[in-house]
Amino acid sequence: MIYSIHPLRIGFMGYDCQLTQKGLNQFIENNKEQIDKIIFNVFEFVVYLKDNTIISGIYPDMNSRGIRLDQLILFGNNDEWFTETSKMALVQDICCKTHMYISNMPEEFQILKYEDM
């Protein structure tokens, strides 16, 4: 039997569309040597790494149904995501809709923070 290993799929989200784009641009700048390809257009902002990891820009108001994620990276001021009830609810909603609960990623690494510099 042949098993197929799917690439790691990461969602990258700021508080709004502009912050998501700013954060992904910072991520790209900080990891230039690992970037294989970038797709940026009206419909998507996706970064492909050389190890086949796929990082997709996720916007707070987008319909994330049908998107499968292993990990979610929250971009912004370090603690703001977890101090407001509405933002915590949004994060939990995205985790549920993207089926992160069935990911092989250990739970303690499923949601990470990437601080705005």
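Some values worked out for this structure:
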| item | result |
| --- | --- |
| Of all residues making up the stretch 1-57, the number that are more than 12 Å from residue 73 (Cα to Cα) and of a type in the set (Phe, Trp, Tyr) | 5 |
| Hits in the stretch 1-24 - residues which are out of contact with any Phe, Trp or Tyr (no Cβ under 7 Å at 6 or more places or on another chain) and assigned to a strand (DSSP E or B) | 9, 10, 11 |
| Total residues in the stretch 1-59, condition of a type in the set (Gly, Ala, Ser), surrounded by 10 or more Cβ atoms within 10 Å (Cβ to Cβ) and farther than 21 Å from residue 91 by Cα | 0 |
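Here, each number is a calculation from the coordinates, and none is a lab measurement. These figures come from a predicted structure and were not determined experimentally. With ideal geometry, Cβ positions are generated from the backbone for all residues, glycine too; neighbour counts draw on all protein chains shown.
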